[in-house]
1. Cβ contacts < 6 Å: first residue closer than 23 Å to Lys74 by Cβ, restricted to the stretch 97-125; second residue open to solvent by 30 Å² or more (accessible area, probe 1.4 Å) and at pLDDT below 95, any location; separation 6+ or different chain. Result?
2. Out of (1) buried (at least 19 other Cβ atoms within 10 Å of the Cβ); (2) over 22 Å from Asp62 (Cα atoms), what's the single condition that is false for Leu96?
3. Considering only the stretch 111-136, state which residues are closer than 17 Å to Glu151 by Cβ, outside any strand (DSSP E or B) and open to solvent by 70 Å² or more (accessible area, probe 1.4 Å).
4. Exactly one of these conditions fails for Thr128: (1) at pLDDT below 95; (2) within 23 Å of the chain's Cα centre (by Cα). Give me its number.
5. Looking at the stretch 60-99, which of its residues are among the aliphatic types (A, V, I, L, M), in a strand (DSSP E or B) and more than 13 Å from Gly143 (Cβ to Cβ)?
6. Tell me which residues, restricted to the stretch 137-156, are of a type in the set (Ser, Thr, Tyr) and surrounded by fewer than 16 Cβ atoms within 10 Å (Cβ to Cβ).
Amino acid sequence: MAQNRGMRRYAVVVLAVLTLTAACRKEQQSTALAPPRIQTTTTAEDPADMRGKMVQEVLTFDRSRIVERSAMSKPSYAAGEPVAFTIWLRESPAGLQTHAEWFDAKGKKVHEELRPMKGEKVVTFNLTKKVEPGRYRVVGYWGGNVAAEEEFTVVR
């Protein structure tokens with residue numbers, strides 16, 4: 001009978017060790033297969049710099065699903081006249097920030113503007129900085145993704 005109890009204890013210990021080993025292997029596999037954490041920013045920092053930021057929600061970017069349309073108020077502006085660029089969004093999740101970057105014909109950034117959306121679906125960016133006559137381009141971003149791009153001209 002004492003021998004029988006010893007065998008039972010041995011069987012219980014072996015079963016416990018096997019169960020723990022299997023659980024540890026499963027944990028290692030799930031950790032190894034887990035996708036990497038994606039990081040983003042929801043502050044007034046540079047949206048392209050996503051180091052050290054945690055994601056609250058990850059959305060895939062399909063421009064046709066996200067952006068309804070974009071437009072300039074007109075294709076040509078007089079020097080010193082404010083230039084308006086508007087983006088109409090289909091989706092505006094909590095924490096979304098949009099921004100616009102304005103470039104001259106040589107690709108030099110002349111202005112940028114960041115806007116927290118707070119659920120809004122229409123945003124207008126304004127280039128109020130006086131720029132020289134020439135061809136310009138504005139790029140609008142939904143989070144860190146290019147959402148729209150327009151060209152315009154500034155004349156004397």
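The values are calculated or read from the model by the stated rules, or taken from the named source; none is laboratory data. These numbers were taken from a predicted model, which means no experiment stands behind them. Because the Cβ atoms are built from the backbone with ideal geometry, glycine has one as well, and the counts that use them run over all protein chains shown. These accessible areas exclude ligands, DNA and RNA; they are computed on the full protein's heavy atoms, side chains included. Shrake-Rupley method; radii C 1.70, N 1.55, O 1.52, S 1.80 Å.
1. Short answer, once both residue conditions are applied: His111/Lys129.
2. The number of the failed condition is (2).
3. Correct list: Glu132 only.
4. (2)
5. Residues satisfying the conditions are Ala71, Met72, Ala78, Val83, Ala84.
6. Thr153
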